[in-house]
Amino acid sequence: MSELLVDFITSLDGCASGEGWPGFWGLEGPEYLAWLGEQPKVTYLMGANTYRLMSGFATGEVPSGQDEFRPEEEASVDELTQAAKVVFSSSLEAPLTWANSTLVREDAVEAVRAMKANGSGLLSTIGSLSLSRSLLRAGLVDRFRVVMFPVITGATGEERIYDGYPDVALEMIEHRTFDGRIQLVEYKPRVLDHPPLHVPE
């Protein structure tokens, strides 16, 4: 059976990106980059918007506000190109042009449920806020990981991650600080029908 990880990088105020900011908010460091390079092989899950954005990067489209990719960003895009990717969309046309990408038109929740039951290894979302929210709400997420960068994007922040989420109880299973400034927290999530009647001791 496969395990499903929802994986985000965010500003401290919970935004997945910010207008005019470079990738990783320009704050990645050697410890964090080394940790990224040590991650196990995964199959990435994404929606159409994330696919369009990331596949554009793979063909050389530079994010708004930048003249060119930094080496760290190029390496990240190259790794994504080599990885297996499953794209859930009713609007994209097959075959997908980004290497190692498979288009799935059926309901994402049911498709991922089947992938978890019949597969092995690690499945991981990348970006795809609405997909991640749907998978969490359906109770399919085994691990919820957030890497928070030390910036508040109150004026320029975009893609607020937690809007529309249900209430979720989080049991911490890992935490770590990279380069003295980047904070990782990883939890086992449990969707709540209502707020807990008491706070766990």
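The values are calculated or read from the model by the stated rules, or taken from the named source; none is laboratory data. Predicted model, so just to flag it, every value in this text is computed and none were measured. FYI the Cβ positions are ideal-geometry reconstructions off the backbone, even for glycines, and counts take in every protein chain you see. The accessibility values were calculated without ligands, DNA or RNA, using every heavy atom of the protein model including side chains. Shrake-Rupley method; radii C 1.70, N 1.55, O 1.52, S 1.80 Å.
Checking each residue in the stretch 112-148 for being in contact with a Phe, Trp or Tyr (Cβ under 7 Å, 6 or more places away or on another chain) and either small (Gly, Ala, Ser) or at pLDDT below 95 (or both) picks out Ser124, Ile126. In the set (1) modelled with pLDDT of 95 or more; (2) loosely packed, with under 14 Cβ neighbours inside 10 Å; (3) assigned to a helix (DSSP H, G or I), Val109 fails one condition alone, (2). Residue selection: Pro150 fails the criterion of being without any contact (Cβ under 8 Å) to a residue 40 or more places away in the chain, more than 21 Å from Met54 (Cβ to Cβ) and not polar (S, T, N, Q).
Checking each residue in the stretch 97-106 for being open to solvent by less than 30 Å² (accessible area, probe 1.4 Å) and assigned to a loop (DSSP other than H, G, I, E, B) picks out only Trp98.
Taking the criterion of being touching a residue at least 24 places away in the same chain (Cβ under 8 Å), in contact with a helix residue (DSSP H, G or I) (Cβ under 9 Å, 6 or more places away or on another chain) and not hydrophobic (A, V, I, L, M, F, W, C), the residues of the stretch 31-51 that qualify are Tyr32, Thr43, Tyr44, Gly47, Asn49, Thr50.
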